[in-house]
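The values are calculated or read from the model by the stated rules, or taken from the named source; none is laboratory data. Values in this document were obtained by computation on a predicted structure and should not be read as measured data. Cβ: placed from backbone, ideal geometry, glycine included. Neighbour counts: every protein chain shown. Remember, those area values only see protein heavy atoms, side chains included, never the ligands or the DNA or RNA. Shrake-Rupley method; radii C 1.70, N 1.55, O 1.52, S 1.80 Å.
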Amino acid sequence: MKIRKLQLKNIGVFDDETIEFQKCPEGKAEIHIFTGQNGSGKTTLLMFLASIFSVNEIEVFPRSSTNLKQFSLDIYKNSLFKRLRGESSELNFDIQNNDKLKNYKFVFNKIIFEFEGNFISYQDSIDTKLIVYSGLNSPEVIITYTQTDFAVFVYSGYRHIKSEEIDFPKELKNNPLVGSLDFAKTYEKFTFNQWIANNLSRRAIEKERGNEERANKFAENIKVLEESISEIINKEITFELDTENIDILVNYDTEILEIDVLPDGLKSLISWIGDLLMRLDSLKWKNNTPIFDREIILFLDEIEVHLHPAWQRKVLPIVQKLFKNSQIFVSTHSPFVVNSIDDAWVYKLELENGKAKVAEVIKSEDGVSYSHVLSEIFDIDEEFGIDVQKDLDKFKELRNQILASKNGSTKTQKEFLQLAKNLAIQSEELQTIVQFELRQVSKRTGKNLTI
């Protein structure tokens, strides 16, 4: 299942914007990247794309009435409700399933919306049933879960992992998809720490019994996680079980550390990549499809947060390589993230009079430089600090005045040379730029302009 088109009407900063998501080359994950200044709607797009899959068919049981079936969407989550502009807000989308396209439309009215089409909801596709009993102080929600052949996961770079109490071992019996559509995961009954503890302890038990094959099975996904994060940070990490203090430890750069004292960037990576592997490992998938062959959709909001640029440029390539059948939507402010992937689609969002639109759709190329990405994607042409850049811009302006008159006034030449001196002492790079410009101006005007 893939999302092929999205239209937002009167939602957030979008008046009426339609975005089509084209296919990427076969054989690797399909990636769509949203860029733009703060407030241009990147996170809004991710939130409402994810909300498509939070549709529930509910049965409402009033105390004195026949059963009433409706469709409902919890748009209070993640501040979605605050982005709607009354009853005029609409969400339209096209879903591709088995190469067939279907169009659906949500017309929002408080938290109940009109549903058009015959869309098999995310919950239906995983054989779940949600029943809400109204008239209670706290509605009782019953969710049953069996298996799926498709899943959606949402993550933010602001997520962190922390040390917590664990058991040896403890079955994770809860639905692995509960909370999977929340950017800030708060569901405490399904935790990465417990999953790691379960697998490490079972691996140790099977090794003790001499059953290497079963031991390796429990270690397989943890090994993939360790290798993936090690490749991103360019340092080896492994997870260990502290049986004395009942805790998870991380062997990071030859040190054994508790999760709480790991660098923030590393905790962020572990929190969402580890959570994703844990949920996929715990899901009952139809036909027993291997984890890394499964069809999933990922929504990643500013995953570069807390990451050094050297780490930022490796995250997407690793995820693309691991989950080759996925469709991935990313919001980012990082040229290193954009530049790290070839053949992704980059959507430049712009604000005009407080309203957002997609100004341009560009295919990413990892063969172009970061300065090119800064200029073409992020509209940043400045290369130096603010004060130095002002002086450099003035220096070039005076250069142009001198060249335009083939000589320039004595005052202009004097100011030009003074700026050249001021810039040249800032750095070797600026000295090289200034000397080059002075030679060019001297050659074209016949004047010997030197500092």
> With the other protein chains left in place, how much accessible area per residue, in square angstrom, belongs to the range 281-381 at a 1.4 angstrom probe?
Replying inline: 43 Å²
> Using r as the Cβ-Cβ distance of N287 and K5, and R0 as 25 Å, what FRET efficiency do you calculate, to the nearest 0.05?
Replying inline: 0.30
>> With every protein chain left in place and a probe of 1.4 Å, what is the accessible surface of E382, to the nearest 10 Å²?
In response: 110 Å²
>> Starting from 0.36 nm per residue, how many nanometres of slack lie between K207 and N245 once their C-alpha separation is accounted for?
In response: 11.5 nm
> Can you pull the percent of the range 270-346's accessible area that's carbon plus sulfur, 1.4 Å probe, other chains left in place?
Replying inline: 48 percent
>> Please give the Cα centre distance for the range 243-258 versus the range 195-233, rounded to the nearest Å.
In response: 15 Å
>> Below 8 Å between Cα atoms, with a sequence gap of 6+, how large is the relative contact order for the range 362-423 in percent?
In response: 26 percent
>> For Cα pairs less than 8 Å apart in space and 6+ apart in sequence, what is the mean separation divided by the residue count of the range 308-432, i.e. the relative contact order in percent?
In response: 15 percent
